[in-house]
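Participant: The structure is given below, and queries will be raised subsequently.
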Amino acid sequence: MRMLDGKVALVTGASRGLGRAIAIRLAEAGADIAINYRHAAKQAEEVRTLVTAAGRCAMVVQADVSDANQVDRLVSSVEDTLGAPLILVNNAGIACVQPIQEISESDWDEIIRVNLKSVFLVTQRVLPAMRAARFGRIINLSSIAAQLGGVVGPHYAASKAGMIGITHSYAALLVKEGITANAIAPALIQSDMVVSNLNAKPDRIPVGRFGTPEEVAQVAVMLACNGYITGQTINVNGGWYMSS
């Protein structure tokens, strides 16, 4: 079912991993896709090819979404080419595995800037159009690290916990305007970020395997299509953390 026909989705960090899978799934559900990337231009173009193969319009925009000026350029470009993005997937993020004693102030600032500040900047920039349309879907890619500490470090865990907090705030403030805000908290999804982390082992997961990007993408599409779920954290973690 193409439940998102006529909608424009902006997916940050969409050139690889979870962002790539989510962009493709949203296109299959009918959305036109703005594919944001910071460095991986070739991979972003590959995602564009897959989106257009699904019969949807697509554009690729390079931008560092932790920089306000670049965010404004990014969203303005999407508005001019595809229309206002009424579905936003804040997926862009980094992870730096470090022993606690080696984490510096600059390491902390970098993780918070890229993973958390970017969510604020991009969401604030797309909100006026969402509020005017009285429709919006904000989907933030958090992590099980927000709940259990994870396998990267306290700076990463703090950034992902902050994403859940900002999700709750937007959900509460925008609930009367047709705008939902939800978080997805995956655990050890098969991706470059996970495979390169020696602390990430499938035996940590009760189901005994890494998750797939497609399993996370299915949840993102569900949230994009649903107007009654808001302020929630959807755990896609193979049973590692069980919420009540």
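Any read-out appearing in this document is the output of simple, stated calculations on the displayed coordinates, not a laboratory observation. Given the structure is predicted, the values throughout are model-derived calculations rather than measurements. Counting neighbours? That spans all protein chains shown, and the Cβs are built from the backbone with ideal geometry, glycine included.
Participant: Determine, from the Cβ-Cβ distance of residue 204 and residue 226 and an R0 of 30 Å, the FRET efficiency 1/(1 + (r/R0)^6), rounded to the nearest 0.05. Provide the component values of the computation, followed by the final result.
Facilitator: Working: r = 30 Å, r/R0 = 1.00.
That gives a FRET efficiency of 0.50.
Participant: Based on DSSP H runs of at least 4 residues, each adding -39500 (n - 2.57), what is the mean residue ellipticity at 222 nm of the chain after dividing by all its residues, to the nearest 500 deg cm²/dmol?
Facilitator: On the way: 9 runs with 105 residues, N = 244.
So the calculated ellipticity at 222 nm is -13500 deg cm²/dmol.
Participant: Okay, moving on. So how do 210, 135 line up by other beta-carbon neighbours within 10 Å, fewest first? Walk me through the intermediate numbers first.
Facilitator: Values: 210 20, 135 16.
Exposure proxy ranking, most exposed first: 135, 210.
Participant: Could you name the aspartates and glutamates in cross-link range of residue 7, using Cα to Cα under 18 Å and dropping any fewer than eight places away on the same chain?
Facilitator: Cross-link targets: 28, 32, 79, 80, 177.
Participant: To the nearest 10 degrees, how steep is helix 68-81 against the longest Cα principal axis of the chain, on a 0 to 90 scale?
Facilitator: Taking the Cα atoms of the chain, the angle to 68-81 is about 40 degrees.
Participant: Here's another thing I want to ask about it. Would you work out the relative contact order for the chain, in percent, from Cα pairs under 8 angstrom that are 6 or more residues apart?
Facilitator: Numbers: 520 pairs, mean separation 45.1, N = 244.
Relative contact order, the chain: 18 percent.
Participant: Can you tell me what share of the DSSP beta bridges in the chain is antiparallel? A percent to the nearest 5 is fine. It would help to have the intermediate numbers written out before the result.
Facilitator: Details: 0 of 27 bridges.
If I count the DSSP bridges inside the chain, around 0 percent turn out antiparallel.
Participant: Among 150-158, 18-26, how do they line up from the highest to the lowest mean number of other beta-carbon atoms within 10 Å? Mind dumping the intermediate values first?
Facilitator: Working: 150-158: 20.8, 18-26: 27.4.
The peptides rank, most packed first, as 18-26, 150-158.
Participant: Among [x] 18.9; [y] 17.7; [z] 19.7, which one is Kirkwood radius over Cα pairs in Å computed from these coordinates?
Facilitator: It is the one labelled [y].
Participant: Now for a different question. What FRET efficiency comes out for residue 77 versus residue 177 if R0 is 25 angstrom and r is the Cβ-Cβ distance? Round to the nearest 0.05. Before the final figure, lay out the partial values.
Facilitator: Numbers: r = 25 Å, r/R0 = 1.00.
Rounded to the nearest 0.05, the efficiency is 0.50.
Participant: Please give the contour-minus-distance gain from residue 148 to residue 39: 0.36 nm per residue of separation, less the Cα-Cα distance, rounded to one decimal in nm.
Facilitator: Working: separation 109, 0.36 × 109 = 39.24 nm, distance 3.01 nm.
Net length gain for the segment: 36.2 nm.
Participant: If you don't mind, there's one more thing I want to ask. Starting from the Cα of residue 117, draw a straight line to each of the aspartates and glutamates and keep only those under 19 Å, dropping any in the same chain fewer than 8 residues away.
Facilitator: Excluding near neighbours in sequence, the set is 64, 67, 72, 105, 107, 109.
Participant: Right, next: Give me the one-decimal nm value for the distance between modelled label points at residue 67 and residue 100, 7 Å along each residue's Cα-to-Cβ direction.
Facilitator: Here the answer is 3.5 nm between the modelled labels.
Participant: Sticking with this one: Check the straight Cα-Cα distances from residue 201 and name the lysines below 27 Å, setting aside those fewer than 8 residues away within the same chain.
Facilitator: 160
Participant: Give me the net charge for the shell around residue 170: Cβ to Cβ below 14 angstrom, other residues only, Lys and Arg +1, Asp and Glu -1. Spell out each step's value before the answer.
Facilitator: Working: positive: 125, 131, 137, 176; negative: 177.
Charge balance near residue 170 sits at +3.
Participant: Hey, can you rank 41-49, 89-97 by average C-beta count inside 10 Å, highest first?
Facilitator: On the way: 41-49: 16.6, 89-97: 22.7.
The peptides rank, most packed first, as 89-97, 41-49.
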